[in-house]
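S.K.: Pasting a structure here, questions to come.
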Amino acid sequence: TCSVYKETADFVYHVKDALTENVRITGHSLGGGLAFITGAQTRTPAIGLSGPNNKLSRKTFEPRISKKALDEFTFNIVPDRDPVPRIDDLSELYQRIHCTAPQNNPLDCHKVSRSVCEILVKCGNRPPSDGNITRPILCECFKEFDYAKPTPINEGVSIDDECKMSV
């Protein structure tokens, strides 16, 4: 039978052999889980956002995946209350992030855009001295997810007008 993870592993081996050893694998949700399997099997760094984990299921893949390979080559970004990264046990490298979705809607914690906003707001901005976000964030972050509006990049232009210009 054809298993997708075998195809992705073959592709990564091909890229590493033919083009460059400097390969990184990424994915969201099931794509993150696939990235973890592929990364561990090919010894290639893999980053997943809300990916299902493979610590318990690692022995079901062919070739089998060692716990050491998962711990060395995979990194999962895990939003609070997101149900998908609760599948299987976490490997050693992961980062939990806050989810601003309503308590009664944990599936919203699985949205890429919500997680990217959380990362940009918490990690990608200088600490504001005046309470304002000092680097640009996606317009979606404050329009859809209630993050604070950032300071406009262009003087004399409102952040709402900047968002209209970026569409």
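S.K.: Suppose every K and R has +1 on its Cβ and every D and E has -1 on its Cβ; what is the size of the dipole of the chain about the Cα centre, in Debye to the nearest 20? Display every interim value, and only then the final one.
M.R.: On the way: 21 positive and 22 negative charges, 116 e Å.
In debye, rounded to 20, the chain gives about 560.
S.K.: Springs between alpha-carbon pairs under 10 angstrom, Gaussian network model over the chain: which of ASP80, ASP88, ASP146 fluctuates most?
M.R.: ASP146
S.K.: Under the 0.36 nm per residue contour assumption, what length would be gained going from the current alpha-carbon distance of ARG96 and ILE119 to full extension? Please report the intermediate quantities before stating the final value.
M.R.: On the way: separation 23, 0.36 × 23 = 8.28 nm, distance 1.04 nm.
This chain segment gains 7.2 nm when fully extended.
S.K.: If I compute solvent accessible area with a 1.4 Å probe over the protein chains, what percent of it on the chain is carbon and sulfur?
M.R.: Working: 5460 of 9860 Å².
Reported share for carbon and sulfur atoms: 55 percent.
S.K.: Express the accessible area of the chain per residue in Å², computed with a 1.4 Å probe while the remaining protein chains stay in the model. Working shown, then result.
M.R.: Values: 9860 Å² over 167 residues.
Accessible surface, normalised per residue, equals 59 Å².
S.K.: Hey, got the Cα dimensions of segment 1-46 along the principal axes, in Å, largest first?
M.R.: 26, 24, 13
S.K.: Among HIS98, HIS14, HIS110, determine the one that fluctuates most according to a GNM of the chain built with springs between C-alpha atoms less than 10 Å apart.
M.R.: Residue with maximal mean-square fluctuation among HIS98, HIS14, HIS110: HIS14.
S.K.: 5 Å is the cut-off here: which amide hydrogens, built 1.01 Å from N in the peptide plane, fall below it relative to HIS28, excluding neighbours closer than 5 in sequence?
M.R.: Residues meeting the criterion, in which the H sits 1.01 Å from N, are LEU49.
S.K.: For segment 51-128, would you read off the P(r) tail past 20 Å as a percentage of all alpha carbon pairs?
M.R.: Working: 1224 of 3003 pairs.
Value for segment 51-128 (Cα pairs over 20 Å): 41 percent.
S.K.: Hey, in the GNM for the chain with a 10 angstrom Cα cutoff, which one of ARG43, ARG96, ARG58 fluctuates hardest?
M.R.: ARG96
S.K.: What Kirkwood hydrodynamic radius, in Å, does segment 30-84 give when the mean of 1/r is taken over all pairs of distinct Cα atoms and then inverted? Spell out each step's value before the answer.
M.R.: Working: mean 1/r = 0.0916 Å⁻¹.
Its Kirkwood hydrodynamic radius stands at 10.9 Å.
S.K.: Once each part is reduced to its C-alpha centroid, what is the distance from segment 11-33 to segment 100-114 in angstrom?
M.R.: 28 Å
S.K.: For the chain, what does the helix formula give at 222 nm: sum of -39500 (n - 2.57) over DSSP H segments with n ≥ 4, over the residue count, nearest 500 deg cm²/dmol? List each step's numbers first, then the result.
M.R.: Values: 6 runs with 59 residues, N = 167.
Calculated mean residue ellipticity at 222 nm is -10500 deg cm²/dmol.
S.K.: Throw me the Rg/Rh for segment 1-131, computed over C-alpha atoms with Kirkwood Rh, two decimals.
M.R.: Working: Rg = 16.0 Å, Rh = 15.5 Å.
That ratio is 1.04, to two decimals.
S.K.: Next up: As I understand it, the dipole of the chain uses +1 on the Cβ of Lys and Arg and -1 on the Cβ of Asp and Glu, about the Cα centre. Which of SER57, ALA148, ILE37 lies farthest toward its positive end?
M.R.: SER57
S.K.: In nm, what is the difference between 0.36 nm times the number of residues separating CYS163 and VAL23 and their Cα-Cα distance?
M.R.: 47.0 nm
S.K.: Now for a different question. Find the lysine pairs in the chain meeting two conditions, Cα atoms under 13 Å apart and a separation of 8 or more places or different chains, and report how many there are.
M.R.: Values: LYS55/LYS67; LYS55/LYS68; LYS59/LYS67; LYS59/LYS68; LYS143/LYS164.
Count of close lysine pairs: 5.
The values are calculated or read from the model by the stated rules, or taken from the named source; none is laboratory data. Computed from a predicted structure; not experimentally measured. Note that we place each Cβ from the backbone using ideal geometry, even for glycine, and neighbour counts take in every protein chain shown. Side chains included, ligands, DNA and RNA excluded: accessible areas come from the protein's heavy atoms. Shrake-Rupley method; radii C 1.70, N 1.55, O 1.52, S 1.80 Å.
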